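One structure is given here, and the rest of the page talks about it.
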Amino acid sequence: NAGVTQTPKFQVLKTGQSMTLQCAQDMNHNSMYWYRQDPGMGLRLIYYSASEGTTDKGEVPNGYNVSRLNKREFSLRLESAAPSQTSVYFCASSEGYRGEAFFGQGTRLTVV
Amino acid sequence: GIQVEQSPPDLILQEGANSTLRCNFSDSVNNLQWFHQNPWGQLINLFYIPSGTKQNGRLSATTVATERYSLLYISSSQTTDSGVYFCAVSSNDYKLSFGAGTTVTVRA
């Protein structure tokens, strides 16, 4: 039982490159989330998926797209990376909005 | 959106000391969680506590929802307690809002 698994763990991109961050959960949760954490700050919500087939914007969605591939998987895509997107990205899942959220180990992304 | 304030921002403790971390929030909540982010960046779930009191070993937490605050107690602190403690809340939606965290340093 791995919980929430993110790939990759580390990534360096050049400005303008694209990439997709992958997330999978094995807890059979309906809801999944993508957050970013910048130095010295708490986490901020980028996008979320309340249930399979739905996605919605969070607090900081600009520059990102998401896909809820199935109940287990939720991916985050950067179409044209910018240095301002250098951050640590966390995926999470929960059983609805009242449920306890569990986080993956994070992806450290640097855009140069 | 809901505002979350944590205090103090930084806390330095001698091993064995006790401490209290506070989380104030601006609206009624139906989800409140405490996390510990260890020095490797992992977010570890401590408590899911939208109301009431819970205890887990040396840690305990109390949420007084009517007064819009939650407290995390660390007793007999150990060096492994070092890291950043986050409070996160949501109110009838999927947007879990995080405070800025309390950085705890426990010295041997």
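The values are calculated or read from the model by the stated rules, or taken from the named source; none is laboratory data. Since the model is a prediction, treat every value here as computed from it, not as a measurement. Methodologically, a virtual Cβ is constructed for each residue, glycine included, from the backbone with ideal geometry; neighbour enumeration extends over all protein chains shown.
General observations
- Residue within region B:82-103 that is more than 14 Å from chain A (Cβ to nearest Cβ) and not in a loop (DSSP other than H, G, I, E, B) present: no
- Set side by side, the residues A:Val4, A:Val66, A:Val60 differ, and just one is more than 12 Å from chain B (Cβ to nearest Cβ) and at pLDDT 95 or above, which is A:Val66.
- Within region B:58-81, the set of residues being within 14 Å of chain A (Cβ to nearest Cβ) and outside any strand (DSSP E or B) comprises B:Ala65 only.
- Breaking point among (1) part of a strand (DSSP E or B); (2) away from every other protein chain (no Cβ under 14 Å); (3) not polar (S, T, N, Q), for A:Lys71: (1)
- Counting residues in region A:44-56 that are modelled with pLDDT of 95 or more, among the β-branched types (Val, Ile, Thr) and assigned to a strand (DSSP E or B) gives one or more.
- Subset of region A:14-39 that is away from chain B (no Cβ under 11 Å) and polar (S, T, N, Q) - its residue that is surrounded by the most Cβ atoms within 10 Å (Cβ to Cβ): A:Gln25
- When region A:7-39 is filtered for residues that are of a type in the set (Lys, Arg) and under 14 Å from the mean Cα position of the chain (by Cα), the ones remaining, listed by number, are A:Lys9, A:Arg36.
- Considered as a group, the residues in region A:40-57 that are facing chain B (nearest Cβ under 10 Å) and hydrophobic (A, V, I, L, M, F, W, C) include one that is nearest to the chain's Cα centre (by Cα), and that residue is A:Leu45.
- Any chance A:Val111 is more than 14 Å from every other protein chain (Cβ to nearest Cβ) and surrounded by 17 or more Cβ atoms within 10 Å (Cβ to Cβ): yes
- Of the strands (runs of 3 or more DSSP E) entirely within region B:2-50, those holding at least 3 residues that are within 13 Å of another protein chain (Cβ to nearest Cβ) occupy B:4-7, B:31-37, B:43-48.
- Counted residues, region A:50-107 - those being surrounded by fewer than 20 Cβ atoms within 10 Å (Cβ to Cβ), in contact with a Phe, Trp or Tyr (Cβ under 7 Å, 6 or more places away or on another chain) and small (Gly, Ala, Ser): 1
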